[in-house]
Amino acid sequence: MSDVPGLAPIPRLSSLRSMAVEAIRAGIVSGRLAPGTRLIERELCEQLDVSRNTLREAYRQLEAEGFIVVVPHRGPTVSQMSEREARGLFEVREALEGLAVRLFVERASAADREALLAAVDALREAHAGGDVPEMLARKNAFYDVLYRGADNDVLHAQARLLGNRLARLRGRSLSEPGRPAQSMAEIEGVVRCIAAGDADGASRLWRDHIRSAARSAIGSSALAS
């Protein structure tokens, strides 16, 4: 007889809920669902082909992540991030990622370093294409390699928690004219320091990279004052 307490089965709607969350989150990150947009339940149920219960479960997750707010007598609405909140997110991002870059230089294997160079090549291609969702996807792949080489699961877990809240801001930053090319140049400078084994230089340049991204995103008119 098992000593493990019985667990409730996973509801069938959970996968549908996850897909609904991803679809709405992607709409918000891309800007198709602008801050202040009301999320009409009937319309979204039809568009996503999900039940009301599934959609309401998705709303709860998106509200917890900060993507939407539930306004009395108005219903779920895409949240509008304040400049203060955005600045705070970038400050935490700078600290976490600066440490990750330093640890990568100190701990990464030769295979990790090769994988990072491949991820940078893919990222360069995406930046040249100008497709913001593709840039974000390739940057996420870059981060997977970076955190694997940094070999700190606690740090990676904290970065994941921050990631969803940062997604909108990263999209805004890369949508600014000239920012993709500038971002790529900054990243390549960091990679050169990594290749040289310069942990201090790589961490410093990465922090500069995050500050540049913050200036670009926080300057967006989509942020509340």
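The values are calculated or read from the model by the stated rules, or taken from the named source; none is laboratory data. Model, not experiment: these values are computed from the prediction. Quick reminder, even Gly has a Cβ in these numbers, built from the backbone with ideal geometry, and neighbours come from all protein chains shown. Surface accessibility is based on the protein's heavy atoms, side chains included, excluding ligands, DNA and RNA. Shrake-Rupley method; radii C 1.70, N 1.55, O 1.52, S 1.80 Å.
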For this session: Calculate, for region 30-180, the solvent-accessible area per residue in square angstrom, rolling a 1.4 angstrom probe over the heavy atoms of the protein chains.
Result: 52
Problem set entry | Furthest towards positive pole of dipole, Ala58, Ala167, Ser109, structure part the chain, Cβ charges | Ala58
Problem set entry | For the chain: relative contact order, % (alpha-carbon pairs under 8 angstrom, 6 or more apart) | 24
For this session: Decide, for region 121-208, between rounded, prolate and oblate: order the square roots of the alpha carbon gyration tensor eigenvalues as a ≥ b ≥ c, take rounded if a/c falls under 1.5, and otherwise choose prolate if a/b is larger than b/c, else oblate.
Result: oblate
For this session: Please list 103-115, 206-218 highest first by mean number of surrounding beta-carbon atoms within 10 Å per residue.
Result: 206-218, 103-115
Exercise. What 222 nm value per residue comes from the helices of the chain, counting each DSSP H run with n ≥ 4 as -39,500 (n - 2.57) and dividing by all residues, nearest 500 deg cm²/dmol?
Worked result: -24500 deg cm²/dmol
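Probe radius 1.4 Å, ligands and nucleic acids ignored: give me the carbon and sulfur share of the accessible area of the chain as a rounded percent.
The value for the chain is 52 percent carbon and sulfur by accessible area.
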For this session: Please report Rg over Rh for region 32-160, where both radii come from the alpha carbon positions and Rh follows the Kirkwood definition.
Result: 1.08
Exercise. Let a ≥ b ≥ c be the square roots of the eigenvalues of the Cα gyration tensor of region 78-133; is it rounded (a/c under 1.5), or, if not, prolate (a/b larger than b/c) or oblate?
Worked result: oblate
Problem set entry | Largest-first ellipsoid semi-axes for the chain, taking √(5λ) over the Cα gyration tensor eigenvalues, angstrom | 33, 24, 16
